[in-house]
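Just so it is clear, none of the values below were taken in a lab; they were calculated from the coordinates. Owing to the predicted nature of the structure, the values given are computational and were not obtained by experimental measurement. Glycine also receives a Cβ, built like all others from the backbone with ideal geometry; neighbour counts cover every protein chain displayed.
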Amino acid sequence: MAVKIRLARTGRNKIATYRIVAADSAMRRDGRFLETVGYYDPQTNPKTFQFKTERVAYWIKQGAEPTLTVKNLLRQDRFFEKMEELDKGASLESIAIERKPERKRKPKVRKVKSED
């Protein structure tokens, strides 16, 4: 059984929120999962997300692979740096690693078709 840490969509039409879950890779996106390990809300400004650090670390040590989006969220939260500190024996409360700020993106430019 290959386990993935991925997003499961919740919320209503056009107002999506996501659970971050550990699930068997064969299961559907919003189907059965093993455990909820966090949430992600892209509708807020700035986008909000939170992880259960100990549980995500547990699943990664068990061989679970985070999807690309979840991996990017973990990087923004500096999870992998926190995981190294936990492996050295530090407690979660003593780790003072701050989250990276959200990336500023340029607005998309729409191309207008010119009639020649």
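Details
- Cross-link pairs exceeding 23 Å in C-alpha to C-alpha distance, out of LYS14/LYS47; LYS71/LYS104; LYS71/LYS111; LYS14/LYS111; LYS4/LYS104; LYS61/LYS88, comprise LYS71/LYS111; LYS14/LYS111; LYS4/LYS104.
- Evaluating 6.51 cos²θ - 1.76 cosθ + 1.60 at θ = phi - 60° for every residue in the stretch 20-29, the Karplus couplings come out as 9, 10, 9, 9, 5, 5, 7, 7, 5, 3 Hz, glycine and proline recorded as x.
- By other beta-carbon atoms within 10 Å, ranking VAL56, VAL3, VAL112 with the fewest at the front produces VAL112, VAL3, VAL56.
- Nitroxide proxy distance, nm - points 7 Å out along Cα→Cβ at THR10 and LYS104: 3.3
- At full extension, GLU54 and GLU35 could sit 5.6 nm farther apart than now, given 0.36 nm per residue minus the alpha carbon distance.
- Positive-end residue of PRO66, ALA16, ASN45, charge dipole of the stretch 3-88 with Cβ unit charges: ALA16
- For volume of the Cα convex hull per residue in Å³, the value calculated from this model appears in [x] 87; [y] 99; [z] 160 under label [z].
- Assuming charge only on the beta carbon of Lys and Arg (+1) and of Asp and Glu (-1), the dipole of the stretch 3-88 about its Cα centre is about 440 debye to the nearest 20.
- Projected label distance in nm at THR44 and LYS88, using a 7 Å step from Cα toward the beta-carbon: 3.0
- Length-normalised contact order of the chain in % [C-alpha pairs under 8 Å, at least 6 apart]: 20
- Residue order, fewest to most surrounding Cβ atoms within 10 angstrom, among ARG78, ARG6: ARG78, ARG6
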